[in-house]
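S.K.: Pasting a structure here, questions to come.
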């Protein structure tokens, strides 16, 4: 048997093709290590990471706080089963609820699990308090996960017929269209579920007046207002939670990605009045595991003590300024977002090519749509890192085929 650590990149890629289930188109590189704002592949090439593990690496790659928490807790207690409390679970739940404005926490491993929990809680509320109401209104172009229920909640048009039949009970309405949302409400509606910034959908924010209207609708009919902050929570938008930009609190909030800074962790938070589950209705083998809870506590403590959220706000503004400068030279439009969840548009079809060129130049960026580039770097990013990103982006634009063709 070939030892994996001795394999060259070509051998690793051949082994991956044989052994790893195909779920995504990946470039022919193999990441091997990371530190701070950078990752290195098995050939020793260095990449400035403005994807941040899909908005996950909130403290950068291999942060000391994460290493220390894992080392200490793995030598103390790794798993106790969900049938018992454990010290890190209680400590993390207390800290998280105290800073979030919520009362109760349920922990899981992925954003989809957290959103599944919110969906189940909304339907439980409908059963207990709304005469069996079960429908949930979500937004077109939204993204809530890849389980069957969360795919059904997601408003991506290309997923409409995928894995049919879908889970029933979801209605999709356009973002920032309060009349459409109000028209979708019936006596079967138990909740409205929204991303405050649609990350996978191209970084589109809800308007303050619209969100205020959703809060009024939910209050009027006794429905739950659910904020999916899987991507926006834990400092990503320049505030600890994106709802703080609006001053409007949810009844339920879901968190993931940056909450574990790279360790699989998510959470669903709610108010005490919606603590409705009976034993056996919600849970999971790894929910609230000591190892994950120690990580969550360490990450949140680091975010608060180092004021990383403020850095996200400042560096986000700096990046926007740099992109505006580039837009005078290159076809960049619709620069948008909050904090370090940013995006801009390029000519249709150019985004994937631009991302591929940046990869060759040592910069990781993401193109969620053929005309959109998304930037979600670790929240520890510095002005020097931003300057390097903008410099590589400038070089990449000069190599972009679509611009050269269109300029002839």
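S.K.: So which residues in region 222-236 are more than 13 Å from residue 142 (Cα to Cα) and either out of contact with any strand residue (DSSP E or B) (no Cβ under 7 Å at 6 or more places or on another chain) or without any contact (Cβ under 8 Å) to a residue 60 or more places away in the chain (or both)?
M.R.: 222, 225, 233, 235
S.K.: What is the residue count in region 124-163 for residues that are farther than 20 Å from residue 271 by Cβ and part of a strand (DSSP E or B)?
M.R.: Selection size over region 124-163: 3.
S.K.: Output the number of the condition that residue 203 fails; it satisfies all remaining conditions of (1) at positive phi; (2) in contact with a helix residue (DSSP H, G or I) (Cβ under 7 Å, 6 or more places away or on another chain).
M.R.: Condition not satisfied by residue 203: (2).
S.K.: Separate question: Just to be sure before I move on: is residue 374 within 20 Å of residue 49 (Cα to Cα), in contact (Cβ under 8 Å) with a residue 12 or more places away in the chain and surrounded by fewer than 20 Cβ atoms within 10 Å (Cβ to Cβ) in the structure I sent? Break it down into steps so the answer makes sense when it comes.
M.R.: On the way: within 20 Å of residue 49 (Cα to Cα): yes; in contact (Cβ under 8 Å) with a residue 12 or more places away in the chain: yes; surrounded by fewer than 20 Cβ atoms within 10 Å (Cβ to Cβ): no.
No; evaluated as a whole, the condition is false for this residue.
S.K.: Mind listing whichever residues of region 337-361 are more than 18 Å from residue 395 (Cα to Cα) and surrounded by fewer than 18 Cβ atoms within 10 Å (Cβ to Cβ)?
M.R.: Across region 337-361, the qualifying residues are 348, 349.
S.K.: Restricting the search to region 334-359, which residues are out of contact with any helix residue (DSSP H, G or I) (no Cβ under 8 Å at 6 or more places or on another chain), over 26 Å from residue 239 (Cβ atoms) and not in a helix (DSSP H, G or I)?
M.R.: Passing the criteria: only 348.
S.K.: Within region 98-123, work out how many residues are assigned to a helix (DSSP H, G or I), surrounded by fewer than 18 Cβ atoms within 10 Å (Cβ to Cβ) and in contact (Cβ under 8 Å) with a residue 40 or more places away in the chain.
M.R.: The total comes to 2.
S.K.: Please determine whether any residue of region 109-116 is at pLDDT 95 or above, over 24 Å from residue 298 (Cα atoms) and in the same structural domain as residue 236 (by TED's automatic domain parsing).
M.R.: Within region 109-116, the first condition is being at pLDDT 95 or above, and the residues that meet it are 109-116.
Filter again for over 24 Å from residue 298 (Cα atoms), leaving 116.
With the extra rule that they be in the same structural domain as residue 236 (by TED's automatic domain parsing), the set shrinks to 116.
Looking for residues that are at pLDDT 95 or above, over 24 Å from residue 298 (Cα atoms) and in the same structural domain as residue 236 (by TED's automatic domain parsing), one finds at least one in region 109-116, hence yes.
S.K.: Report, by residue number, each residue of region 147-166 that is touching a helix residue (DSSP H, G or I) at 6+ places or on another chain (Cβ under 8 Å), under 21 Å from residue 126 (Cβ atoms) and surrounded by fewer than 16 Cβ atoms within 10 Å (Cβ to Cβ).
M.R.: none
S.K.: Still on this model: Could you run through region 59-91 and say how many residues are closer than 19 Å to residue 379 by Cβ and either in contact with a strand residue (DSSP E or B) (Cβ under 7 Å, 6 or more places away or on another chain) or crowded, with 16+ Cβ neighbours inside 10 Å (or both)? Talk me through it step by step, then tell me what you get.
M.R.: Applying the first criterion (closer than 19 Å to residue 379 by Cβ) to region 59-91 yields 59-69.
Still in the list and also either in contact with a strand residue (DSSP E or B) (Cβ under 7 Å, 6 or more places away or on another chain) or crowded, with 16+ Cβ neighbours inside 10 Å (or both): 59-63, 65-66, 69.
Qualifying residue count for the region: 8.
Quick grid of which residues meet (1) within 19 Å of residue 357 (Cβ to Cβ); (2) out of contact with any strand residue (DSSP E or B) (no Cβ under 6 Å at 6 or more places or on another chain); (3) without any contact (Cβ under 8 Å) to a residue 40 or more places away in the chain:
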| position | (1), (2), (3) |
| --- | --- |
| 14 | no, yes, yes |
| 24 | no, yes, yes |
| 28 | yes, yes, yes |
| 54 | no, yes, no |
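S.K.: If you don't mind, another one. Could you please find all residues in region 367-380 being at pLDDT 95 or above, in a strand (DSSP E or B) and under 24 Å from residue 59 (Cβ atoms)?
M.R.: 373, 374, 375, listed by residue number.
The values are calculated or read from the model by the stated rules, or taken from the named source; none is laboratory data. Just so it is clear, the structure is predicted and the values come from calculations on it, not from any experiment. Every residue, glycine among them, receives a Cβ derived from its backbone with ideal geometry; neighbour counts consider all protein chains shown.
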